[in-house]
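Take a look at the structure below.
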Amino acid sequence: GSSFGAVITLYAASQFGVRLDRMAVVSPSVWVNNREPLGWVPRVAKSTRVWVDIGGSEGEEAVSGARLLGDAFGKAGHRATFALEPNAEHNEFAWARRFPSILLFLYGK
């Protein structure tokens, strides 16, 4: 999911025992409720492959939150990656540009 869609995907994966093999967390609104989504990471199944990304023009708070989320997944032992697209904004056009890379990471060739 993207933006708050990314947050609800992460929430579902952490709170309801939803087992996801792969998860794209695109331009996540990590800032919500004092960065509460960071606390959900340990409850996501370790087998979940996770892509986290953000656009460089989405604001410093958004970029730092997404980076912290990507780091948290890595430290928790997930197969995770973090991608920053410099100058990209928070919109569908930017997300669509990153989509091929997301699919390649999540599903391979």
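For the reader, a short list of remarks on this structure follows.
- The chain, relative contact order in percent, only Cα pairs under 8 angstrom and at least six apart counted: 26 percent
- Cβ-defined net charge surrounding VAL18, 15 Å radius [Lys, Arg +1; Asp, Glu -1]: +4
- Amide hydrogen neighbours beyond the local backbone of ALA45, cut-off 5 Å, H modeled: LEU20
- Positive-pole candidate from PRO100, VAL44, ALA66, dipole of the chain, charges at beta carbon: VAL44
- A Förster radius of 35 Å, combined with the Cβ-Cβ distance separating ARG43 from ALA96, puts the computed FRET efficiency at roughly 0.70.
- Taking amide H positions as modeled 1.01 Å from N, with prolines and chain starts lacking one, the residues under 5 Å from ARG79 and 5 or more places away or on another chain are VAL50.
- Given charges at beta-carbon only (K, R positive; D, E negative), |dipole| of the chain in Debye: 640 debye
- Förster radius 35 Å - calculated FRET efficiency between PHE16 and GLU60, Cβ distance, rounded to 0.05: 0.65
- Checking (i) 0.96; (ii) 1.01; (iii) 1.47 against the coordinates, the calculated Cα Rg over 2.2 N^0.38 Å falls under label (i).
- In sequence order, calculated HN-Hα J values of the range 58-63 (Karplus, 6.51, -1.76, 1.60; Hz; x Gly/Pro): 8, x, 4, 5, 5, 5
- Residues PHE16, PHE82 ordered from highest to lowest accessible area at a 1.4 Å probe: PHE16, PHE82.
- The 3J(HN,Hα) values that the Karplus relation (6.51, -1.76, 1.60; θ = phi - 60°) gives for the range 83-97 are, in residue order, 10, 10, 9, x, 6, 6, 9, 8, 7, 5, 4, 5, 5, 5, 4 Hz. Gly and Pro appear as x.
The values are calculated or read from the model by the stated rules, or taken from the named source; none is laboratory data. Here the structure is a predicted model, which means the values were calculated and not measured. Heads up, the Cβs are rebuilt from the backbone with ideal geometry, glycines too, and the neighbour counts pull from every protein chain shown. Note: areas computed on protein heavy atoms with side chains; ligands, DNA, RNA excluded. Shrake-Rupley method; radii C 1.70, N 1.55, O 1.52, S 1.80 Å.
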